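The structure appears right after this line, and notes come after that.
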Amino acid sequence: MKQLKKIFAVIPFFILSCTGTQYVKSYEPINVFLEKEIIEKGGKYILQTDKASNAIVLRIFNGSEGSEHIEDPHYYINDGLFVEKHWKRMYKRYVNDTIKKYWKKEDFPKYDFILENSRDWPKLPYKSAKYLDYEVMIISEPMYYRNKRYIMFYLSTSYFSSGSSPQVVVMKKEKGKWIVDRTMWEEVFY
């Protein structure tokens, strides 16, 4: 009976360790993007601790929901970045990962982010008026694409008084440095 308890105690750790291997080992690409494109000296930032869902990245990149790609004249599809077999491989790899993951201060050592859970968003502006000037960021876990040639992640920035700007950032490594290949904005039609 004791061995059975040990087995049931070890199984969740094994499953969690296996799910983590599909993601990048460091958050260097995100840190590079934030430094070059987002963070302003003296700016005030709040980072949502719970990471954005993989499904958001997959939907924006695909141009639709699900694994089937809907042909669309988006600039990022027509220039060769979107390749059906690589898309399906990435989709299968990441779509079913629904384990909630959280950012920590150590993930962004250069920045003094205020970390807040999404459950606390409705209360935050009322807790303190000082947060109204803060830029809020929601970021997903970076995901590999095309045999690890590219990394992509979701980033949304906003202020409490304005709408958000959701985007998928695609980066690649050239000469040992991460560079932005492109940014894809979520297109919303009414």
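The values are calculated or read from the model by the stated rules, or taken from the named source; none is laboratory data. Because the structure is predicted, anything quoted here is derived from the model rather than measured. Cβ atoms come from the backbone with ideal geometry, glycine included; neighbour counts cover every protein chain shown. These accessible areas exclude ligands, DNA and RNA; they are computed on the full protein's heavy atoms, side chains included. Shrake-Rupley method; radii C 1.70, N 1.55, O 1.52, S 1.80 Å.
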Some residue of the range 100-109 being at pLDDT below 90, charged (D, E, K, R), open to solvent by 40 Å² or more (accessible area, probe 1.4 Å) and in a helix (DSSP H, G or I): no
Sole exception among (1) modelled with pLDDT under 65; (2) under 19 Å from V180 (Cα atoms); (3) part of a loop (DSSP other than H, G, I, E, B) for S67, by number: (2)
Residue selected from the range 163-186 under the condition surrounded by 10 or more Cβ atoms within 10 Å (Cβ to Cβ) and assigned to a loop (DSSP other than H, G, I, E, B), by the criterion modelled with the lowest pLDDT: E186
Members of the range 26-64 that are under 24 Å from Y159 (Cβ atoms), polar (S, T, N, Q) and either assigned to a helix (DSSP H, G or I) or open to solvent by less than 30 Å² (accessible area, probe 1.4 Å) (or both): N31, Q48, T49
The range 133-162: number of residues that are closer than 14 Å to S53 by Cβ and open to solvent by 40 Å² or more (accessible area, probe 1.4 Å): 1
Output for the range 113-156, where each listed residue is modelled with pLDDT of 90 or more and either touching an Asp or Glu at 6+ places or on another chain (Cβ under 8 Å) or among the acidic types (D, E) (or both): E141, Y150, F153
